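Following: one structure in structure tokens, then a few remarks.
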Amino acid sequence: MSIDARQESDLQNLQQIVAGLTEGVILIDPDQTLRWANDAALRAHGVHAIEELGHDVTEYRHRFHLHYRNKTTINHGQYPIDRVVAGETFAEVIVEVTPDGADEAKWVHQVRSMVMTDEDGGPERLVLIVQDVSDRFEAEDRFEQTFNANPAPALICRLADQRFIKVNKGFLDLTGFECNEVIGRTVYEIDLFNGADQRDVAKQCLHGGVTIPQMEAELGMSGGGTRLVIIAGQPIELDDQDCMLFTLADLERRRLAETALVHSEERFDRTFQMAPAAMMITSRENLNLIDINPAFEQLTGYDQDATTDQCAAKLDLWETAALRRSIEAELHSNGNIANRDARLRGRDGALIDCLGV
């Protein structure tokens with residue numbers, strides 16, 4: 001068998017081996033002729049025959065325009081197909097591919113090369129291996145858009161070194177940090193779990209790469225001070241790296257509301273206890289006595305122990321049952337009584353003229 005016949009036979013065997021691969025394979029001769037491509041390579045370029053890729057490297061460059069993912073144009077001579085023709089071996093170059101005449105990129109390719117040598121060590125066959133990763137990058141673009149647009153504060157750290165690789169506007173707005181003050185720092189430099197009761201649990205989950213349960217923490221602000229948040233972590237994969245997605249909810253308004261409520265209740269209690277007018281607090285539904293103030297005790301002779309969980313009817317506070325029913329009906333109907341003349345019956349049975357408000 002002649003050398004040419006043997007080479008042709010070897011080429012046919014190679015074609016049979018790679019024909020069914022999921023990765024696209026383009027075989028290029030040293031003279032830059034596109035010799036053969038499998039179905040996966042053709043599909044990745046939206047064509048049906050090797051001729052549609054171009055007769056040679058020059059025609060390929062005219063039919064398909066390449067950019068990097070940052071939209072930088074790849075010049076002639078720097079195309080992956082140029083680099084493999086130059087004998088360069090490279091791995092996993094990501095490029096966007098735009099067919100000639102199209103306004104925008106149609107595919108994203110992950111490209112690597114292989115140089116097959118002859119017995120003398122010279123290049124015999126040049127191989128461009130193409131994988132269409134458009135779906136993956138489209139999904140990542142959707143995630144990126146959603147992540148950045150989400151008003152809820154969020155960050156992503158790389159599990160390998162626990163350094164932040166992404167942060168959204170919601171987190172920056174909440175904390176006052178600039179993006180460059182967060183990216184590259186570790187979880188513990190920002191200290192997401194400051195003041196958390198389950199801080200040790202969070203650390204164990206982070207090191208193990210498992211879900212971090214929701215917990216409250218005191219998140220440090222850029223200008224000093226802290227803010228009450230609830231934080232949780234969810235393991236994700238991003239750019240082929242194991243990562244942790246942290247999401248936060250601002251609880252500071254709730255804390256301020258709770259503090260204001262406590263202060264309000266304290267002020268009401270002081271006012272209630274110090275008021276010179278006799279006052280009692282009852283439940284709305286069954287009018288059970290909840291609290292009485294010292295002025296009420298002094299007026300009626302009843303103390304707190306005697307009135308707890310009792311209703312006015314059982315204590316016989318009103319002069320008559322008809323008066324009690326009338327006042328109860330007015331309370332249920334209007335929610336209040338206004339300037340109502342009434343007589344109370346003290347603990348000793350004495351009647352007391354009152355004005356109910």
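The values are calculated or read from the model by the stated rules, or taken from the named source; none is laboratory data. Since this is a predicted model, take the numbers as computed values, not measurements. No Cβ is skipped: glycine too gets one built from the backbone with ideal geometry, and neighbour counts run over all protein chains shown. With ligands, DNA and RNA removed, areas are computed over all heavy atoms of the protein, side chains included. Shrake-Rupley method; radii C 1.70, N 1.55, O 1.52, S 1.80 Å.
Before moving on, here are some points about what is shown:
- Among the residues of segment 265-278, those identified as open to solvent by less than 70 Å² (accessible area, probe 1.4 Å) and either acidic (Asp, Glu) or not in a helix (DSSP H, G or I) (or both) are ALA275, ALA277, ALA278.
- One residue alone among ILE156, ILE190 is within 17 Å of SER222 (Cβ to Cβ), open to solvent by less than 60 Å² (accessible area, probe 1.4 Å) and β-branched (Val, Ile, Thr), and that residue is ILE190.
- Members of segment 93-122 that are of a type in the set (D, E, K, R) and under 22 Å from PRO30 (Cα atoms): ARG112, ASP118, GLU119, ASP120
- Of everything listed in (1) modelled with pLDDT of 80 or more; (2) in contact with a strand residue (DSSP E or B) (Cβ under 9 Å, 6 or more places away or on another chain); (3) open to solvent by less than 50 Å² (accessible area, probe 1.4 Å), the single unmet condition for GLY349 is (2).
- Any hit, segment 281-295, residues being assigned to a strand (DSSP E or B), open to solvent by 70 Å² or more (accessible area, probe 1.4 Å), modelled with pLDDT of 80 or more and not polar (S, T, N, Q): yes
- The residues on offer are GLY233, GLY209, and the sole one that is without any contact (Cβ under 8 Å) to a residue 60 or more places away in the chain, on the phi > 0 side of the Ramachandran plot and open to solvent by less than 50 Å² (accessible area, probe 1.4 Å) is GLY209.
- Taking each residue of segment 22-50 that is touching a residue at least 60 places away in the same chain (Cβ under 8 Å) and assigned to a helix (DSSP H, G or I) and looking for partners that are aromatic (Phe, Trp, Tyr) and surrounded by fewer than 22 Cβ atoms within 10 Å (Cβ to Cβ) with beta-carbon atoms closer than 7 Å, six or more apart or interchain, yields ALA44/TRP107.
- Within segment 300-357, the set of residues being among the hydroxyl-bearing types (Ser, Thr, Tyr) and not in a loop (DSSP other than H, G, I, E, B) comprises THR300, THR307, SER326, SER333.
- Contact map, segment 153-179: first residue farther than 14 Å from PHE246 by Cα, second residue of a type in the set (S, T, N, Q) and open to solvent by 20 Å² or more (accessible area, probe 1.4 Å), Cβ cut-off under 9 Å, separation 6 or more or different chains; pairs are ALA160/GLN241; ASP161/THR186; THR175/SER222; GLY176/SER222; PHE177/SER222; GLU178/SER222.
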